[in-house]
Amino acid sequence: MEKFDKVHGVAAPMPLINIDTDMIIPKVHLKTIKRSGLGVVLFDEMRYHDDGQENEDFVLNKPAYREAEILVAGDNFGCGSSREHAPWAIKDFGIKVVISTSFADIFFNNCFKNGILPIVVEEEHHVILMEDAHKGENARMTVHLEDQQITTSDGVVIEFDIDPHRKHCLLNGLDDIGLTMEKDHHIDKFENHAGQARPWV
Amino acid sequence: MSPKTLYDKIWDAHVAHEADDGTCLLYIDRHLVHEVTSPQAFEGLRMAGRNVRAPEKTIAVPDHNVPTTPDRVHGIENPESRIQVEALDKNAKDFGIHYYPVHDVRQGIVHIVGPEQGWTLPGMTVVCGDSHTATHGAFGALAHGIGTSEVEHVLATQTLIQKKSKNMKVEITGKLQPGVTAKDITLAVIGETGTAGGTGYVIEYCGEAIRNLSMEGRMTVCNMAIEGGARAGLIAPDDTTFEYVKGRPHAPKGAQWEAAMDWWKTLYTDEGAHFDKVITLRGEDIAPVVTWGTSPEDVLPITATVPHPNDFEGGKVDAARRSIEYMGLEAGQKLSDVEIDTVFIGSCTNGRIEDLRAAAEILKGKKIKDGMRAMVVPGSGLVRAQAEEEGLADIFKDAGFEWRLAGCSMCLAMNPDQLQPGERCAATSNRNFEGRQGRGGRTHLLSPAMAAAAAITGRLTDVRELM
């Protein structure tokens, strides 16, 4: 996985709450057996009209936000299904950071597996960031993972929390499976023990 | 020893390794796999030259993509769907995992097949690349959905990297009123907590009304724990659980059954154990409910009216306005006046035998409204066979319902069963998101009995009027 360090880019505002995974990527696009190429259908039903033409009113279709690398979204972002196609599409579009007041659990986990940084901020900070994101192409925020800081286009600095293990993996682009396989002997030991305690499993 | 919750006990029994910062490797007892979220995971294994660590604990079945019409015996027409199902056929064979192919009578929705075959047992950890894995919590198993990267992780290592969630108790006291079902309980809870109310928690459902539910009802309740944002939902196993499990093909037998029972009987929350959040609802207060909006938290009794966006606060004002517009409703409109054109009975939420019995009970000797499109999609081939044996299939067919083969069907519209733009469906499934059942389609979630009532009258209907 690519190492995550710092993002300096345009932040797009999506204040709607409860943006679900069906909105992020509708099921018609889940029929792929690949991980790549989904950016074009990110937010498909909001982004395109029924005839396939772009909806000019949708934030990521506006000239200022077409290259957005950060998304500032409403509460409970990513609720719904476990489809990893949602973060795959976000990543493929070019968005590397999603900021909200809360995320759905599975989506939140899935982001880290794909080098996307989901950041949870307090309501008061969310208001500041959303306002900043509304400034269009001038809304260039900086997200610095090492320092755990977001800097708005006005220079306001907002700190954020992140699980240390997840931070370490993102910063170093570590592959979870490889890391876990280093602990193979613990798994062997557990299997031996559990196999005796619960042989019916 | 300090008192533990049921979740604490199952968690503790499955930690294979704990790092200093509390990050754990949680051992997975059962890994369920379907065709949509697994191809990239198997591909990842192949690219890295890795194997499935515990194929004997891995069970696969195609469900999301498969058509539910009888002509599916001739193959799947949609090329993309066919490729996904064929990929699962191949992956199951190449990696030697248990498999129920499309033509097997045991095929069905993964969350119905697992319990039916006795793969799901009390005290287990169960995962699947599907958010409705929460269903298996009904057995007192810690069960939750995972993404495809985690599917690959479990295939390769039989573990997940996890941090423990907080404990939440949802108690439903007392008895349910006639016409009120497990679906009404689970929707009412989400209406109370909101779709993010359970985020960060594992819920244990308890109380008299939960105890009195069958396993089918308990699965319905736990199935929608995810719609409340929780990682998982749990119900402590009891005699109802043990009776359901006993004799299933993959349930323990003989001495192993006795040994299992000894452990299973310890799987309850100890007196005085700590819950970080507690919600209590009176069973008597729960009415038959329906959803009016595009979030499962948009729940109201069928006797209510469509709310006004200004009834809400914060971001929900805009969200409610958007929902009401999408749903083509008017604030103040009586929910029981909302006309529908489609009825869908099925899904991992309500596609079990008891659900079909409840719907058939209402439909017996009646006809669906003229022009109504109504379908029953049993959750598995075995549910279908049982319903045919019990005469339920004839009741549905006589009433005017289509009697389908097992699959996820119209719950998520990845297969030919879909709504057209503007069509309005009374659905026993779990999500009413925009476009969930087809682009522009409108979904009202409700119980199987309420869905049957709506099919007869052609509008959302209080089932108690037909009882």
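The values are calculated or read from the model by the stated rules, or taken from the named source; none is laboratory data. For clarity, every value in this text was computed on a predicted model and none was experimentally measured. Glycine gets a Cβ as well: all are built from the backbone with ideal geometry, and neighbour counts include every protein chain shown.
Quick notes
Okay, residues lined up against (1) within 14 Å of chain A (Cβ to nearest Cβ); (2) closer than 30 Å to A:Asp22 by Cα:
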site	(1), (2)
B:Gly328	no, yes
B:Leu335	no, yes
B:Ser347	yes, yes
B:Lys366	no, no
B:Val376	no, yes
B:Phe401	no, yes
B:Leu405	no, yes
B:Cys411	yes, yes
B:Asp417	yes, yes
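- Scanning the range A:22-35 for any residue that is touching a Ser or Thr at 6+ places or on another chain (Cβ under 8 Å), under 22 Å from B:Arg321 (Cβ atoms), in contact (Cβ under 8 Å) with a residue 24 or more places away in the chain and at the interface with another protein chain (Cβ under 10 Å from one of its Cβ atoms) turns up at least one such residue.
- Residue list for the range B:196-220, filter: touching a Gly at 6+ places or on another chain (Cβ under 7 Å), crowded, with 24+ Cβ neighbours inside 10 Å and either within 21 Å of B:Cys411 (Cα to Cα) or away from chain A (no Cβ under 14 Å) (or both): B:Tyr205, B:Ala209
- Residue match in the range B:77-86 (condition: farther than 30 Å from B:Ala230 by Cβ, acidic (Asp, Glu) and at pLDDT 95 or above): yes
- Single match in B:Glu258, B:Glu284 (criterion: without any contact (Cβ under 8 Å) to a residue 12 or more places away in the chain and in a helix (DSSP H, G or I)): B:Glu258
- Those helices (runs of 4 or more DSSP H) of the range B:296-404 in which 1 or more residues are over 22 Å from the mean Cα position of the chain (by Cα) and not charged (D, E, K, R) occupy B:315-327, B:353-363, B:392-399.
- In the set (1) more than 18 Å from B:Val290 (Cα to Cα); (2) free of Cβ contacts under 8 Å to residues at least 24 places away in the same chain; (3) not β-branched (Val, Ile, Thr), B:Gly381 fails one condition alone, (2).
- Cβ pairs under 7 Å, 6+ apart, first in the range A:121-144 and at negative phi, second surrounded by 17 or more Cβ atoms within 10 Å (Cβ to Cβ) and assigned to a helix (DSSP H, G or I): A:Val121/A:Leu129; A:Ala139/A:Asp132; A:Ala139/A:Ala133; A:Met141/A:Asp132
- Qualifying residue in the range B:127-146 (condition: surrounded by 24 or more Cβ atoms within 10 Å (Cβ to Cβ), of a type in the set (Val, Ile, Thr) and closer than 25 Å to B:Arg50 by Cα): yes
- Of the residues making up the range B:185-218, those that are of a type in the set (Ser, Thr, Tyr), in a loop (DSSP other than H, G, I, E, B) and either farther than 15 Å from B:Ala230 by Cα or in contact (Cβ under 8 Å) with a residue 40 or more places away in the chain (or both) number 2.
- When residues of the range A:170-201 are limited to those that are among the charged types (D, E, K, R), more than 8 Å from chain B (Cβ to nearest Cβ) and outside any helix (DSSP H, G or I), the one surrounded by the most Cβ atoms within 10 Å (Cβ to Cβ): A:Asp175
- Flag if B:Val170 is crowded, with 24+ Cβ neighbours inside 10 Å, within 14 Å of chain A (Cβ to nearest Cβ) and not in a helix (DSSP H, G or I): no
- Meets criteria (without any contact (Cβ under 8 Å) to a residue 24 or more places away in the chain, crowded, with 17+ Cβ neighbours inside 10 Å and within 18 Å of A:Val7 (Cα to Cα)) for A:Lys167: yes
- Residue check: A:Ala64 meets all listed conditions (1) more than 9 Å from every other protein chain (Cβ to nearest Cβ); (2) within 26 Å of B:Asn432 (Cα to Cα); (3) surrounded by fewer than 18 Cβ atoms within 10 Å (Cβ to Cβ) but one, namely (2).
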